[in-house]
1. What part of the accessible area of chain A, given as a whole %, is carbon or sulfur when the probe is 1.4 angstrom?
2. Have a look at A:Ile373, A:Gln316, A:Leu263 and report the one farthest towards the positive end of the charge dipole of the range A:252-386, computed about the Cα centre with Cβ charges (Lys/Arg +1, Asp/Glu -1).
3. Quick check for me: using +1 on Lys/Arg Cβ and -1 on Asp/Glu Cβ, what's the dipole size of the range A:15-95 about its Cα centre, in debye to the nearest 20?
4. Might you report the magnitude of the Cβ-based charge dipole of chain A about its Cα centre, with Lys and Arg at +1 and Asp and Glu at -1, to the nearest 20 debye?
5. For chain A, report the accessible area per residue in Å² (1.4 Å probe, heavy atoms, rounded to an integer).
6. For the A and B pair, go ahead and give the buried accessible area with a 1.4 Å probe, both sides summed, in Å² to 100.
7. Over the heavy atoms of A:Leu354, what accessible area does a 1.4 Å probe trace out, to the nearest 10 Å²?
8. Please compute the Kirkwood hydrodynamic radius of the range A:45-100 from all pairs of different C-alpha atoms, in Å with one decimal.
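The values are calculated or read from the model by the stated rules, or taken from the named source; none is laboratory data. Note that the coordinates shown come from a computational prediction; the quantities given were computed from them, not determined experimentally. Cβ sites come from the backbone with ideal geometry, for glycine too, and all protein chains shown count toward neighbours. Heavy atoms of the whole protein, side chains included, go into the accessibility calculation; ligands, DNA and RNA do not. Shrake-Rupley method; radii C 1.70, N 1.55, O 1.52, S 1.80 Å.
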Amino acid sequence: MHQYQNLTSPEKVPTGIEGFEHITIGGLPTGRTCLVAGSSGSGKTLLAMEFLHRGYTQFGRKGVFVTMEERAPDLVRNVKRMGWDLEPLLAKRCLMFIDAAPEPVPIEESGPYDLSGLLVQIKYAIQAIGAELLVLDSIGSLFDQFSDNATVRREIFRITDTLKELGVTALLTGERQEEYGQISRHGVEEFVSDTVIILRNVLKEEKCRRTIQVLKMRGDAHFKGEYPFTISPKVGISILPLSARELKQSSTSVRVSSGNAKLDDMAGSGLFRDSILLISGPTGGGKTLLATTFAAEACRKGEKVLLLAYEESRAQLLRNAQSWGLDFQKWEEEGLLRVICQYPEAMGLEDHLLLIQREIEDFRPQRLIMDSISAMERVGPVRYFREFVIGLTSYAKQEEVCSLFTSTTPKLSGGDSITEAHISTITDAIILLRYVEVNGMLRRGIAVIKMRGSQHDKRIHEFTIDDRGLHIGVPFTNVQNIILGVPSATMPTESEQLGGIFGDDDSTGSGSSVAL
Amino acid sequence: MSNGQTYLFKLYIAGETAASSMHAVANFQRISDTYFPDNYHLEVIDICKEPERAIADRIIATPTLVKDFPPPRFKIVGDLSQRFEQVRELFGFARKD
C-alpha cells in the first residue's frame, strides 16, 4: 500500500486569467490535462492563447501551442488585436507553434497509419524549449483530418498519456455542437481529461452572454455553476465570480453623511461607510436630487465620487446640479468627481459590471452613485440582473465604497419594482420616496424602511423640494397605507381635535403634525 | 509519362524498424517498380531521428509519402498498401506494360 502514501492532491498552475483561479481554486492541476469545450465562437482558442501568454509573461512558464484549425500566422495576427504581441515570445523561444492545421495540398490515405508524426513534433517542441504548458487546439479536428476514427481515438489516448509522462500541464480544446448537451462532439476528449471546463455563448433576450463552468476537476475541489465572463482587448478574459464571492467584507461602524442632516437623523445619525443605500421612488420623486446631494457632500469633504448616470446626459446632469447651486464641473476639474453617462443598452450587464469595476479600480472613489440601477433591468433577464447587482454590491463593499443606488418605481405611488424585489435583501439601507395624495393634494413622503445594524426612524415624514434642495419636515400622522400608495384618513385623536378647535390654524407650524 | 524529369519523393517514417515503416518502404518500391522504375529519387526520413523535419514538413501521421516534384505537391498517408488504383490516379501514372 505504501506506494499510495506519498500521493498528495495535485498542485495547481495559476493561469493569470482574471477570476479563473477563483472558480478553479488555484488554477489548473499541474501536469494534468484539461479540456475546454465550447461551441464555435465561445472563446476556446482565446482562453488557450491567454493561458500560454500569461503563463510566460506572468509566471515565466514556456509553452507549446499545437494548432489544428487555424494557421499559426493567423493566430498571431488575431491575438495582436487583443493587444498581445507573441512575436518576441516566439523569437526568444518561450513559445512555440506546431502547425497541424489542414494543408491546402491533397492528402490521400492508403493503408494503416498512426499519428506518431504529431507525437514526435510535440515531444520535440516541449524538450527543445523546456515547455511546461501545452495547448492542443482543437484535438477533435484530428477526426476531420483523418478518416480512420478508431486510429484517431487510440492516438488521442497515446498523445495525452505522453503529455502526462512529460509532466506538462495541457489544455485541450474541443468543439461542442450545442450549448447544453453532449460535452464534446466526438465523446473522447472528456475521457482523456482530468478537468473539464465548458464555455458557453448563449443568446437570450437578444443579448449574448458568455459563461464558463468547471464541470469536473478530478480529485480536487472547484466552484460549480456557470460564471459570466467578458472578453476585452488588453485584458482578455475576465470571469466574474459573482456568487463565489464570500461575504467577508469587514463591517465598519464609521458613518458618513448623506448630505441631508434630517435624513441622517432618520437613519440614526448617518450612513455606514461601507454600506449600500437604495433610494426607491417614482419618477420625479427626488431620487436624483438626493443622489446629487450625496455627491456634493462627499466632494465638499474632499472625498472622491464616481457618478454613473444611465438616464440623463452629462449636460443635463451638470445643469440640474447647477440649479441646486452645486458646481459639478469644478469638482470634476479638481478630480473629486467622475461622471460617466451611458445608455444601459450600450452593452451587456457583464460588460457594465466590468466597466464599473475598472473605474473603481482606477479612480478609487469613496462613494459611488448609480442613477438609476433600475434602468439596468431592461438590459437582460432578471436572473442576470440579480447577478449583476450582487457582483456590483459585493465589489463595492469589498472596496469600501459607500454606494447609493436609485430605483424608479413603475407607479407614481407605492408599488415595487423588479429592482427592489431582487436587490432589497442585498442593500443595507432602503429609503422610500412616495407621492401621497392627501385631500386632493399631491404631497411627498420619505421613509427609512431598512437600516442594517442601526436604529432608524420608523415614521413617514413629509418632504418638500425647492430650489435649495430637499427639506424633510414632520411625520405624517393620521394617514395610513402611504407606502402602499392608497393613503386613507384615520380619526384624529381627541387632543388634536381640541387643538383644532381652539388653536392656531397654522398647521404647518413647527412641532405640529401633518393631519388630514 | 516518363518525360525525362526526375520525380522527388520523401517518405516520412517513425522508426526504421517499425513494421509500418518497413511496409511503407516495400510498398513504395513495388509502386515505383511498376510505374517509374528509372526516374525517381526517394528520401526516407526517420522523424524519431530528425523531428525538426517533421515540424518543417508538417507531418502528423506516419508513414507519409510526400511528392515534392513535379507539381502538384501531394501527401499520401498510410503504408501505401490499399486503394492502389486511387494512388495510381493521384500519382498521375498510366499503367506501364
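1. 51
2. So the residue furthest toward the plus end is A:Leu263.
3. Values: 11 positive and 8 negative charges, 52 e Å.
Taking the Cα centre of the range A:15-95 as origin, the dipole is about 240 debye.
4. Details: 57 positive and 67 negative charges, 155 e Å.
With only Lys, Arg, Asp and Glu charged at Cβ, the dipole is about 740 debye.
5. Working: 22430 Å² over 516 residues.
That works out to 43 Å² per residue.
6. On the way: alone 23590 and 5870 Å², together 27120 Å².
Interface between A and B: roughly 2300 Å².
7. Probe radius 1.4 Å; accessible area of A:Leu354 about 10 Å².
8. Details: mean 1/r = 0.0901 Å⁻¹.
For the range A:45-100, the Kirkwood estimate is 11.1 Å.
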